[in-house]
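The values are calculated or read from the model by the stated rules, or taken from the named source; none is laboratory data. This is a predicted model, so every value here is computed, not measured. Cβ sites come from the backbone with ideal geometry, for glycine too, and all protein chains shown count toward neighbours.
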């Protein structure tokens, strides 16, 4: 793998909250969670390749999966955004499949997935049901601090339609995420076990493990 | 029971409001209320073991049930959160079963139970009906002081669905709590009577009483 | 009746607004209103005994009915709170029964009755329909000055359910209040007439009149 | 008529907005408007007798109808409040009956009538449909300056029920007002014509005109 | 026409936005727009006579139609307010009839028409469906700067009824406006052509043109 | 083409966000996006002629399409506003037709299209369903910073009707935009390819390419 400056690495998926001492159980959860992100990324041609996966706690993060942007894109396409949500939900999908239980570890991932999905619908007019229309306006941000909290300029009926559309993108991404991981459950276990033992994988090793 | 530092004891369930002079009736209510928390905790393998139960008023608290965290967990699983609600509602469940009446003593317990249940649905995406989506955003906290009061970024329809899901977690936990206590009503009376007489039980004695 | 310090008397029901000069009609209304509170209190074993009834205007109050707390309770039970509402609505119930008209004199009573009923439902989880859940949170109080005005964290549907439950407690209490007074209408007249003549009754005399 | 101090006269009904120069048409409207208030008052035994009627503009007021409180009441009964609304709507009722058109002159009257009706329902629990419950709370007044603007602590469903009840009191009062005036249309014309000629009527003269 | 001081001229209808250089097309639109206002005014006996019509841009205004108040009215009747809306919508009505297209030129007219209609319903109780009731209160104006923005003290159901009533007044006025102009389309063309040529008409000339 | 001062060029459509280094893919997207704006403009007689198209990134803009106002219009007609929306959606329409995917590049276009459509409905009374009425008022702008965020003075029902009307204008414009481009897909490719090669087209060259 060629030289990469830290600055060019922009996408970090699934940096989970973590305190200093790590239990065996938490280590296992983190390993499967991060492996989930990494494997989903691998199978989505739209997404930048995995650059590094780690389950060594660093600050608030219990682990992370980095991908490496190939070039400096100006626009993001709808299909790219959809796949980004699939990647973000890969951690929770892995937890469900492996443990049959889910944890608070995915809270940041699903918050970001929700934000992307909502922006697709309300800011980029990418929902087919609602069409090329924006809802809410960036101008109120100053007053309420955040796009989400802007004063609503549409009806309850449209608000419900927006919720339906936002949910659709999320749920179909979650399904895709689970399908990829179920189909590649052996690879998921392989990567997770490698992580539990080695705590870190770089991009080349990851590609090797996936082969 | 091995040495435990005060600092490692983090979970205190059911510290009830109490003024200085305690009537016989209030003492009885507190004893059954705290015994309820303790016994429910005992029968949930997911929960940390009971460390101490007391009905000696201390500050605002009329009594308390402490459990002892076994290790320093990084993530909390959905099933663990569900059981935590079962424990929190153990006090009220005991009151209903024993006295056929309920009191204001459980107000803090149900407030915490509601908060956990709401977070499961809106922050951790743990409701099956709503899926891995977040509702509301932490960013408004600055303006309205609390997650709960954040400006709503979803429709009335979703708000109603959230309420249904929050209620489901609470009600099924309350049922579980009552079932455990009804099945172990003799143990409940035994522990409560011991508390009325001795005002305090430590973890070892509690295990002994439960045997 | 044994010595009682002013400080131990905590419950004053039905202190009505009143200006200095009192018309005969107002005096009669006050007498029946306060007698209503007192007689309802008498027939509810859950409530503390009547300590004093007065129709002498004092400050803003046109009259009052005091009861004497027997001991220093820590918890208030649901049945106790229900009966407190019955007592609070005793004044208005008496007006309706005797005059076939109602007055502004009960506004403070019904405000307090509504507050108790609302707290039972939203703060103490005492409504069977809604279960052991809290609605709204004390944390916003700082911003809007009052529990009632807190930013709503639940749906319109739940808001309507809360209203139904609050109303149920009030209406069933009002019915109970009217039943007690209709069944004891001669006692009501007797106490009211005594009050019109003597302006004040102490607890012992009141028990005597009720016999 | 015995001596009356200005200070004892508290109720002024229908002080209408008016600029300095008065057209014949406006004078006629004011005369019938004030005569409407006065005659409705006369036929409601619940209301204090008319003390003075004037159509001489004074400040913002185009005319007024004063009544004289008989004594210093402490409570206001529901039936009294209902009749006060009848009086307040007497001006508009007279305009409709005489001119077949209505004017902006009644805006202050209907604002006060609405306020009384709303208070009956939300503050004094006088609506049979909603019962002895208060809605909204006086505590928010500080923040929004007015009972009306207080943060709502009830559901849309109850808000709609309140609106229905408020409207009922108003509409039944308006009907009563029109009935009284239609039945006494000759008296209405008589008083209005007298006012147009003399601009002022005192209580004794008014009683004489009504005979 | 007798001497008129500028100060007595209070009603200016249809002062449209305009920049310095005027295209032929804009001049034509303004001429028909103002002629629309003037002719509708002429056929409504309730309205003050036209005093001057101009299509010379002045400040922000592209043209204007002034009428001359006959006397200093104290009250405005419901029928007068309805006709004022008819006049305000005369400009847009003329555009529709003549060009089959409408423009932004009427935005100020329809804003004022909406405000009058809304005040009729919510402030003057002039809607038959809603009756003599006021909605919202002037007291909040201080906080939100405008009657419109006042905190709502009524239900969604009533809000929808208000909207229906406000719309009814507007639509029936718009119909009346179009009927008058369609019936007098030759006069409309006559006045508009005169305006295009002369840019200004005074009241006497206008009456002459209408004959 | 005659001399044109920069100052007279007021309409710039589709200035897209762009960072310094441009990928081949982004360049292609921009070229088709801008060509879409330009060609739609060309086929709408209502719109000012195209003056310049560029895909050279400048500041935040990845490209732009300028048209040249023919004269200084005072009013904008409804049909003109509708066509302006068609032009604004030409970029996204081109992306859909050519790539079968859409991008974030149109977010500013659809925000402006939504704003025009909303103003047509709420400010200029140009929706046939809602009629010549304004909704919301400019007066609140001071408090919430933007027309959109103004306190609502209409019902949910009307809010939903407004949303329907706003959407109608947008969707019919988007259809028109796609129809024009599908019918002229060869011209679209021709202009886009020319742009990819030359990065800039002036008005005369554009007309030549379209021939």
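Would you call residue B:142 more than 11 Å from the chain's Cα centre (by Cα), away from chain C (no Cβ under 11 Å) and at pLDDT below 95? Give the steps one after another, and end with the answer.
On the way: more than 11 Å from the chain's Cα centre (by Cα): yes; away from chain C (no Cβ under 11 Å): yes; at pLDDT below 95: yes.
Taking the combined requirement at face value, the residue satisfies it.
Hey, residue F:54 hits all of (1) closer than 23 Å to residue A:77 by Cα; (2) touching a residue at least 60 places away in the same chain (Cβ under 8 Å); (3) surrounded by fewer than 18 Cβ atoms within 10 Å (Cβ to Cβ) but one; which does it fall short on?
With (1) closer than 23 Å to residue A:77 by Cα; (2) touching a residue at least 60 places away in the same chain (Cβ under 8 Å); (3) surrounded by fewer than 18 Cβ atoms within 10 Å (Cβ to Cβ) applied to residue F:54, the lone miss is (3).
May I ask you to verify whether residue E:77 is buried (at least 19 other Cβ atoms within 10 Å of the Cβ) and without any contact (Cβ under 8 Å) to a residue 40 or more places away in the chain? It would help to see each step written out before you state the result.
Values: buried (at least 19 other Cβ atoms within 10 Å of the Cβ): yes; without any contact (Cβ under 8 Å) to a residue 40 or more places away in the chain: yes.
So residue E:77 passes the test.
Here are F:66, F:74: which of them is under 27 Å from residue E:99 (Cα atoms) and touching a strand residue (DSSP E or B) at 6+ places or on another chain (Cβ under 9 Å)?
Details: F:66 fails: under 27 Å from residue E:99 (Cα atoms).
Exactly one residue qualifies, and that residue is F:74.
So is residue C:101 at the interface with another protein chain (Cβ under 9 Å from one of its Cβ atoms) and either in contact with a strand residue (DSSP E or B) (Cβ under 7 Å, 6 or more places away or on another chain) or within 30 Å of residue B:32 (Cα to Cα) (or both) or not? Break it down stepwise before answering.
On the way: at the interface with another protein chain (Cβ under 9 Å from one of its Cβ atoms): yes; either in contact with a strand residue (DSSP E or B) (Cβ under 7 Å, 6 or more places away or on another chain) or within 30 Å of residue B:32 (Cα to Cα) (or both): yes.
Considered against the rule, which asks whether it is at the interface with another protein chain (Cβ under 9 Å from one of its Cβ atoms) and either in contact with a strand residue (DSSP E or B) (Cβ under 7 Å, 6 or more places away or on another chain) or within 30 Å of residue B:32 (Cα to Cα) (or both), residue C:101 comes out as yes.
Kindly list the number of the only condition in (1) touching a helix residue (DSSP H, G or I) at 6+ places or on another chain (Cβ under 8 Å); (2) facing another protein chain (nearest Cβ under 9 Å); (3) at pLDDT 95 or above that fails for residue F:54.
Result: residue F:54 fails condition (2) only.
Out of everything in region E:57-74 that is modelled with pLDDT under 90 and more than 12 Å from every other protein chain (Cβ to nearest Cβ), what residue ends up being surrounded by the most Cβ atoms within 10 Å (Cβ to Cβ)? First the steps, then the outcome.
Of the residues in region E:57-74, the ones modelled with pLDDT under 90 are E:57-62, E:68-74.
Still in the list and also more than 12 Å from every other protein chain (Cβ to nearest Cβ): E:58-59, E:68.
Numbers: E:58: 11, E:59: 8, E:68: 17.
Taking the candidates together, the pick is E:68.
Would you tally the residues in region D:22-35 being surrounded by 22 or more Cβ atoms within 10 Å (Cβ to Cβ) and either within 11 Å of residue D:191 (Cβ to Cβ) or modelled with pLDDT of 95 or more (or both)?
7
Is at least one residue of region E:36-45 within 30 Å of residue D:98 (Cα to Cα), more than 14 Å from chain D (Cβ to nearest Cβ), buried (at least 24 other Cβ atoms within 10 Å of the Cβ) and touching a helix residue (DSSP H, G or I) at 6+ places or on another chain (Cβ under 9 Å)?
If we filter region E:36-45 for residues that are within 30 Å of residue D:98 (Cα to Cα), which is where we start, we get E:40-45.
Retained after the next criterion (residues that are more than 14 Å from chain D (Cβ to nearest Cβ)): E:40-44.
Filter once more, so that each one left must be buried (at least 24 other Cβ atoms within 10 Å of the Cβ): E:40-41.
From what is left, the residues that are touching a helix residue (DSSP H, G or I) at 6+ places or on another chain (Cβ under 9 Å) are E:40-41.
The answer is yes, given that some residue of region E:36-45 is within 30 Å of residue D:98 (Cα to Cα), more than 14 Å from chain D (Cβ to nearest Cβ), buried (at least 24 other Cβ atoms within 10 Å of the Cβ) and touching a helix residue (DSSP H, G or I) at 6+ places or on another chain (Cβ under 9 Å).
Can you say whether residue E:84 is facing another protein chain (nearest Cβ under 9 Å), in contact with a helix residue (DSSP H, G or I) (Cβ under 7 Å, 6 or more places away or on another chain) and under 25 Å from residue E:204 (Cβ atoms), as far as the supplied structure shows? Quick ask: steps written out before the conclusion?
Working: facing another protein chain (nearest Cβ under 9 Å): no; in contact with a helix residue (DSSP H, G or I) (Cβ under 7 Å, 6 or more places away or on another chain): yes; under 25 Å from residue E:204 (Cβ atoms): yes.
No.
Residue check, residue A:147 against (1) within 30 Å of residue B:82 (Cβ to Cβ); (2) at pLDDT below 95; (3) within 14 Å of chain F (Cβ to nearest Cβ), all met but one. Which one?
Here residue A:147 clears every test but (1).
Evaluate the following for residue E:119: is it modelled with pLDDT of 95 or more, more than 7 Å from every other protein chain (Cβ to nearest Cβ), over 24 Å from residue E:51 (Cβ atoms) and surrounded by fewer than 22 Cβ atoms within 10 Å (Cβ to Cβ)? Step through it out loud before you land on a result.
Values: modelled with pLDDT of 95 or more: yes; more than 7 Å from every other protein chain (Cβ to nearest Cβ): yes; over 24 Å from residue E:51 (Cβ atoms): yes; surrounded by fewer than 22 Cβ atoms within 10 Å (Cβ to Cβ): yes.
Criteria met by residue E:119.
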